[in-house]
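Written out below as structure tokens is the structure these notes cover.
The values are calculated or read from the model by the stated rules, or taken from the named source; none is laboratory data. Predicted model only: the values in this text are computed from it and were never measured. No Cβ is skipped: glycine too gets one built from the backbone with ideal geometry, and neighbour counts run over all protein chains shown.
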Amino acid sequence: MKSLLPQPVKVVRILGALGIVGGITFFYYRIFSVNNVTVALSFLLAVLAIATRWGVIEALAASVAGVLCFNFFFLPPIGTLTIADPQNWVALSAFVVTALIASHLSASVKKQALESTHRQHEMERLYTLSRNLLLLQVHGPMAQEITNLIARVFELPGLAFYDRTSDRIHRAGPHDIPVDAGKLRDTAVQGTVFHDAATNTTLIPISLGGQAMGSLGIQGSQVSETALHAIANLTAITLERAHAQDAATRAEAARQSEELKSTMLDALAHEFKTPLTPIKAAVTSMLSDGDMSATHQELLRIVDEETDRLNSMLTEAIQMSRIEAGQLQLRRSPQPLSTIVQAQLDKLGEGLEGRKVTVEVPEKLPRVSVDPELTGIVIWQLLNNALRYTPPGSPLILRASAGETEVIVSIEDCGPGISEPEQRKVFDKFYRGKDQRERIPGTGMGLTIAREIVRAHHGRIWVESEPGKGARFSFSVPRAPRESLL
Amino acid sequence: MTNARILVVDDEPQIRRVMRATLVARGYMVSTARNGEEALEKVREERFDLVLLDINMPGIGGMETCRIIRSQSDIPIVILSIRNAEKEKVEALDAGADDYVTKPFSMPELLARIRAALRRAPLLSSGTPDVLNLGQTVINFVARRVTVNGTEVRLTPKEFDLLRYFASNPDVAIPHTKLLQAVWGPDYGEEVEYLRVFINQLRKKIEPDPSHPEYLLTEPWVGYRFSLPKA
């Protein structure tokens with residue numbers, strides 16, 4: 001650190017030092033006569049005191065003046081500036097050496113004290129800064145607030161902060177710092193500290209984990225480089241915290257919106273089911289009377305079937321909304337697969353329209369660890385899908401086989417098959433076969449529901465097909481541990 | 001049992017209308033209520049043979065209504081609900097319902113379930129005693145009464161029928177399907193969760209320690225077994 005004392009003070013002190021030397025000379029020459037050793041010691045003490053108190057320049061001035069006065073007034077021949085005795089050279093050297101050593105020691109002690117005070121201030125400021133940064137409200141214009149805060153806490157004349165995310169420069173402090181955007185950007189990208197002596201500005205990069213986040217430009221040299229790095233790190237952490245919070249807020253908003261959609265879909269589907277109930281009850285009641293013409297019966301059957309279709313579409317919508325809202329809770333237990341399959345075949349009943357469904361489930365098939373209700377839905381969706389997209393009367397084969405850790409169930413049809421690009425899309429939500437979407441009714445949710453349920457069981461679901469040769473949909477579910485009981 | 005009196009509880013007027021029309025045509029006497037509170041009032045004032053109860057209603061709701069009716073009476077309760085998750089079925093049965101039908105339902109199916117709920121299991125075969133003494137628990141099959149340590153416990157008709165079926169087939173494992181068909185009726189067989197709930201309720205009522213049952217035992221993979229204490 002340079003001493004920034006103004007020149008007049010220095011001049012006054014030099015004059016003071018000379019005055020002290022003059023005073024001692026006057027005292028011993030005129031008032032109180034003592035031997036030369038005492039006079040020399042007095043000069044030495046004065047030089048020492050001046051060096052400790054004021055500095056090297058003042059002490060040197062006092063030394064020279066002291067040597068001259070000592071020589072002129074006290075050393076023989078008195079009244080001349082010649083030194084007869086070589087001992088007097090020793091006295092003069094002692095004066096100069098003492099002045100130099102004492103002033104140097106004193107200056108370095110002072111400097112150290114000053115530096116440690118400065119460091120302490122810096123630490124206090126860094127602490128204040130970090131506390132304030134922590135307390136910053138993460139929402140709102142963070143970058144500008146950080147800039148203001150650093151400038152205020154460190155009392156900087158000028159500060160520029162380049163935020164790389166928004167590509168904007170924020171400035172603070174009483175003076176506009178003479179640094180351009182290009183240099184700040186370069187510092188951020190290159191990640192090296194840059195000092196411009198001409199304008200007395202330091203540019204320091206801000207990065208976290210190797211990722212460039214921006215840069216700081218600081219005018220003046222009152223902040224040490226260590227403190228500068230600390231400021232840059234604190235800024236990086238604060239920015240990262242803001243970004244993380246921001247991302248979390250956005251994810252939460254997206255989740256809430258998804259949840260709201262699901263809740264609304266669920267509520268809507270339930271609302272639609274309410275009027276379906278009296279329709280279904282009335283039409284099935286009339287059909288069971290049997291007391292009507294064949295035409296009326298046929299018409300009522302159509303109403304009944306369409307009611308069922310509407311109902312199953314609504315059921316799918318409800319299932320889908322549950323899955324999307326993350327409400328799929330598995331109630332797993334070891335289950336015999338054959339029971340689940342049979343229940344679904346019974347449920348399809350008339351929907352099979354006299355088709356031959358061959359079930360090849362080995363009698364000794366190990367039990368599967370599944371939620372029976374949800375696995376039933378998977379089988380139902382796959383069967384229903386096969387029934388819808390294959391010609392009436394064509395057979396279906398349902399197979400199951402056991403692997404080491406899982407059981408694979410597959411449903412094979414003899415329909416038109418699925419082209420390879422379509423195979424990749426059939427499980428996507430709302431995707432409907434290109435050739436079928438006009439002809440065959442459906443919601444495009446069935447296979448998605450099946451996939452999500454299988455995934456929840458940590459199983460796989462896939463399709464194999466060759467156009468013209470039918471399709472085979474398969475899924476796997478985990479085997480139940482051997483020793484487990486109901 | 002025609003002439004049976006049925007209380008239809010639903011907040012949807014169209015459902016009440018269609019139920020009334022259909023059930024009256026089948027010879028039942030029908031009364032309706034728009035919500036749980038009204039249903040409780042009617043059950044207190046009149047005698048019914050069966051309650052058809054909607055779950056999702058404003059006010060106290062179907063589940064709570066079911067619980068209150070069950071705490072006061074043994075009347076069969078059939079729940080009608082739009083939700084068909086197993087969790088809800090089990091909750092309804094736990095609340096004391098005898099059966100659970102998902103909306104929309106076909107009328108012949110509901111009528112079959114109404115008949116099943118109204119039906120009492122056939123009388124005992126001659127080989128079953130009138131009174132079964134299990135020690136602390138005494139079952140009087142003629143009077144349809146059960147006492148545990150001298151205190152009478154109330155069993156719903158379905159619970160009693162289930163217990164009676166067990167008592168007439170002691171010490172053998174009875175498969176789920178057989179139990180369901182014997183107690184609920186021939187249309188049943190897949191409703192294993194019904195058995196879980198009813199057996200739990202029975203255990204709570206007649207077992208000295210319901211978590212370690214002595215009489216109503218689970219037969220893994222098969223069903224249940226009624227174990228008679230060794231004399």
### Per-region count, the range A:187-209, residues assigned to a loop (DSSP other than H, G, I, E, B) and of a type in the set (Ser, Thr, Tyr)
2
### Query
With A:Gln329, A:Gln297, A:Gln256 as the choices, which residue is without any contact (Cβ under 8 Å) to a residue 60 or more places away in the chain and not in a helix (DSSP H, G or I)?
A:Gln329
### Task
Identify all residues within the range B:6-21 that are in a loop (DSSP other than H, G, I, E, B) and at the interface with chain A (Cβ under 7 Å from one of its Cβ atoms); write none if there are none.
B:Glu12
### Query
Across the range B:72-106, which residue is farthest from B:Glu12 (Cα to Cα) among those that are touching a residue at least 40 places away in the same chain (Cβ under 8 Å) and of a type in the set (Gly, Ala, Ser)?
B:Gly96
### Message
Take B:Ile15 and tell me if it is crowded, with 17+ Cβ neighbours inside 10 Å, at pLDDT below 95, under 17 Å from B:Met107 (Cβ atoms) and in contact with a helix residue (DSSP H, G or I) (Cβ under 7 Å, 6 or more places away or on another chain).
### Response
yes
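Answer with yes or no whether B:Ile79 is crowded, with 17+ Cβ neighbours inside 10 Å and within 13 Å of chain A (Cβ to nearest Cβ).
no
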### Query
Limited to the range A:249-274, what total is found for residues that are surrounded by 11 or more Cβ atoms within 10 Å (Cβ to Cβ), more than 9 Å from every other protein chain (Cβ to nearest Cβ), of a type outside the set (Gly, Ala, Ser) and out of contact with any Asp or Glu (no Cβ under 7 Å at 6 or more places or on another chain)?
12
### Task
Being in a helix (DSSP H, G or I) and modelled with pLDDT of 85 or more is the filter here, so list the residues in the range A:385-419 that pass it.
A:Asn385, A:Ala386, A:Leu387
#### Entry: Qualifying residue in the range A:224-239 (condition: within 14 Å of the chain's Cα centre (by Cα) and exposed (fewer than 14 other Cβ atoms within 10 Å of the Cβ))
no
### Message
Condition check: aliphatic (A, V, I, L, M), farther than 27 Å from A:Lys110 by Cα, crowded, with 16+ Cβ neighbours inside 10 Å and modelled with pLDDT of 80 or more. Does A:Ala65 satisfy that?
### Response
no
### B:Met107, sole failed condition from (1) away from chain A (no Cβ under 14 Å); (2) buried (at least 21 other Cβ atoms within 10 Å of the Cβ)
(1)
### Query
Any residue in the range A:433-445 that is of a type in the set (Ser, Thr, Tyr), at pLDDT below 85, assigned to a loop (DSSP other than H, G, I, E, B) and within 24 Å of A:Leu348 (Cβ to Cβ)?
yes
#### Entry: Among (1) touching a Lys or Arg at 6+ places or on another chain (Cβ under 6 Å); (2) within 22 Å of B:Ala97 (Cβ to Cβ), the one test that B:Ala173 misses
(2)
### Query
Taking B:Ala95 and the conditions (1) small (Gly, Ala, Ser); (2) within 14 Å of chain A (Cβ to nearest Cβ); (3) under 30 Å from A:Leu330 (Cβ atoms), which numbered condition does it fall short on, given that it satisfies the others?
(2)
### Query
Do we find that A:Arg119 is touching a residue at least 60 places away in the same chain (Cβ under 8 Å), in a helix (DSSP H, G or I), in contact with a Ser or Thr (Cβ under 9 Å, 6 or more places away or on another chain) and over 30 Å from A:Leu44 (Cβ atoms) in this structure?
yes
### Query
With respect to B:Glu152, is the statement that it is more than 27 Å from B:Glu86 (Cα to Cα), surrounded by fewer than 18 Cβ atoms within 10 Å (Cβ to Cβ), free of Cβ contacts under 8 Å to residues at least 40 places away in the same chain and not hydrophobic (A, V, I, L, M, F, W, C) true?
yes
### Message
Would you confirm whether or not the range A:309-331 contains a residue that is modelled with pLDDT under 85 and over 30 Å from A:Ser257 (Cα atoms)?
### Response
no
### Message
Just to verify a result, which residue in the range B:31-58, among those that are surrounded by fewer than 18 Cβ atoms within 10 Å (Cβ to Cβ) and within 14 Å of chain A (Cβ to nearest Cβ), is nearest to A:Ser288 (Cα to Cα)?
### Response
B:Asn56
### Query
How many of the residues in the range A:280-294 are over 59 Å from the mean Cα position of the chain (by Cα) and either in a helix (DSSP H, G or I) or within 10 Å of another protein chain (Cβ to nearest Cβ) (or both)?
9
### Message
at pLDDT 85 or above, more than 14 Å from chain B (Cβ to nearest Cβ) and part of a helix (DSSP H, G or I): is that true of A:Thr277 in this structure?
### Response
no
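In the range A:17-38, which residues are surrounded by 15 or more Cβ atoms within 10 Å (Cβ to Cβ), under 18 Å from A:Val96 (Cα atoms) and modelled with pLDDT of 85 or more?
Matches in the range A:17-38: A:Ala17, A:Leu18, A:Ile20, A:Val21, A:Ile24, A:Thr25.
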### Query
Within the group A:Leu133, A:Leu149, A:Leu228, A:Leu184, which residue is within 19 Å of A:Ala244 (Cβ to Cβ), part of a helix (DSSP H, G or I) and among the aliphatic types (A, V, I, L, M)?
A:Leu133
### Query
Checking A:Ser369 against (1) of a type outside the set (Phe, Trp, Tyr); (2) over 18 Å from B:Glu193 (Cα atoms); (3) away from every other protein chain (no Cβ under 14 Å), which test does it fail?
(2)
### Summary
Of (1) out of contact with any His (no Cβ under 8 Å at 6 or more places or on another chain); (2) buried (at least 21 other Cβ atoms within 10 Å of the Cβ), A:Ile397 fails just (2)
### Query
Regarding A:Leu382, is this residue assigned to a helix (DSSP H, G or I), crowded, with 20+ Cβ neighbours inside 10 Å and touching a residue at least 24 places away in the same chain (Cβ under 8 Å)?
yes
### Positions within the range B:183-217 being within 18 Å of B:Ser168 (Cα to Cα) and touching a helix residue (DSSP H, G or I) at 6+ places or on another chain (Cβ under 8 Å), in sequence order
B:Val183, B:Trp184, B:Gly185, B:Leu195, B:Phe198, B:Ile199, B:Leu202, B:Ile206, B:Tyr215, B:Leu216
